[in-house]
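Read-outs throughout are calculated quantities, based only on the coordinates presented, and are distinct from any laboratory measurement. Quick caveat, the model's predicted, so the values are computed rather than measured. Every residue, glycine among them, receives a Cβ derived from its backbone with ideal geometry; neighbour counts consider all protein chains shown.
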Amino acid sequence: MNRELFEDLVIHQEYIDDSSLEGKEFINCQFENCDFTETDFSYSLFENCIFKECNLSLTKSNESKMREVLFKNCKITGVDFSKCDTFITDMSFEECLIRNCNFTDLNLKKRVFCKNQILECDFYNTELSESDFSETTLTDTVFENCNLTKANFSDAKDYQIRPSINKIKKAIFTMPEAVTLLKELDIVIK
């Protein structure tokens, strides 16, 4: 990892020997089964990259640029994505465990978050219109002042979305979980 630019590579765990990828550029790269625990991604660029079955626990993302990045079947814990370059943030997540992460103030319109476990995460002031949370478990995840217009929560579970403080027009929800949208009304449903 002594170079600054990496293109068109498949990188396996055995090639990761540095805990800092600060300021490096990865274009059209695929990371498979890599352990990035506590790795510093600050000021790095990831463009058209795939992270597959990787551990990204406690990675640092200050001003990192994520353009067309897919995280698939990854463990992502304690990452503050709100520190990424907010001008270039284009990430999708499929079948990941995402815990204690912060997505505040990001524009994640039309992003994929399907079939994940998103646990104890924060979405404050986040643009999520037309995003796909289908088949996702959202235990103790907070949505506050988010735009969830036309977002898809089909077969999502354990979400707590307050309609009074989020935009949910034309969002898709399925029963029986959709009943939780009425929780803040303090009513009795029989």
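How much length would be gained if the chain were fully extended between residue 107 and residue 182, taking 0.36 nm per residue of separation minus their Cα-Cα distance, in nm to one decimal?
On the way: separation 75, 0.36 × 75 = 27.00 nm, distance 2.69 nm.
Here the segment from residue 107 to residue 182 would lengthen by 24.3 nm.
Relative contact order (percent) for segment 103-190, with alpha-carbon contacts under 8 angstrom and 6 or more residues of separation?
Here the relative contact order equals 23 percent.
Using the structure shown, select from 52/169; 83/110; 52/110; 24/170; 75/190; 169/190 the pairs with a Cα to Cα distance greater than 31 angstrom.
Distance filter (> 31 Å) returns 52/169; 24/170; 75/190.
Could you work out the relative contact order of the chain? I mean the mean sequence separation of Cα pairs under 8 Å and 6+ apart, divided by the number of residues, in percent.
Across the chain, relative contact order equals 11 percent.
Where the centre of each part is set by its Cα atoms, how far does segment 153-172 sit from segment 35-76, in angstrom?
One Cα centre to the other: 27 Å.
Rounded to the nearest 5, what % of DSSP beta bridges with both residues in the chain are antiparallel? Intermediate results must be reported in sequence, preceding the final value.
On the way: 0 of 49 bridges.
Once the DSSP bridges in the chain are tallied, antiparallel ones form about 0 percent.
Name all residues of segment 52-82 having a backbone nitrogen under 13 Å from the label point set 7 Å from the Cα of residue 33 along its Cα→Cβ direction, giving them as ranges.
Only 52-55 fall inside the zone, counting backbone N under 13 Å.
If you wrap a convex hull around the alpha carbons of segment 103-190, what volume per residue comes out, as a whole number of Å³?
About 78 Å³ per residue, rounded to a whole number.
How large is log10 I(q)/I(0) at q = 0.09, 0.11 Å⁻¹ when the Debye formula is applied to the Cα atoms of the chain, each weighted equally and without solvent?
These q points yield log10 I(q)/I(0) values of -0.33, -0.48.
Evaluate E = 1/(1 + (r/R0)^6) for residue 53 and residue 145, where r is the Cβ-Cβ distance and R0 equals 30 Å; express this FRET efficiency to the nearest 0.05.
For residue 53 and residue 145, the calculated efficiency is 0.35.
Let a ≥ b ≥ c be the square roots of the eigenvalues of the Cα gyration tensor of segment 1-95; is it rounded (a/c under 1.5), or, if not, prolate (a/b larger than b/c) or oblate?
Rounded is the answer for segment 1-95, as its axis ratio a/c remains below 1.5.
Which residue fluctuates most in the GNM of the chain (Cα springs below 10 Å): 104, 141, 174?
174
Assuming a viscosity of 1.002 mPa s and a temperature of 20 °C, what translational diffusion coefficient in µm² per second does Stokes-Einstein assign to segment 38-86, Rh being the Kirkwood radius over Cα pairs?
199
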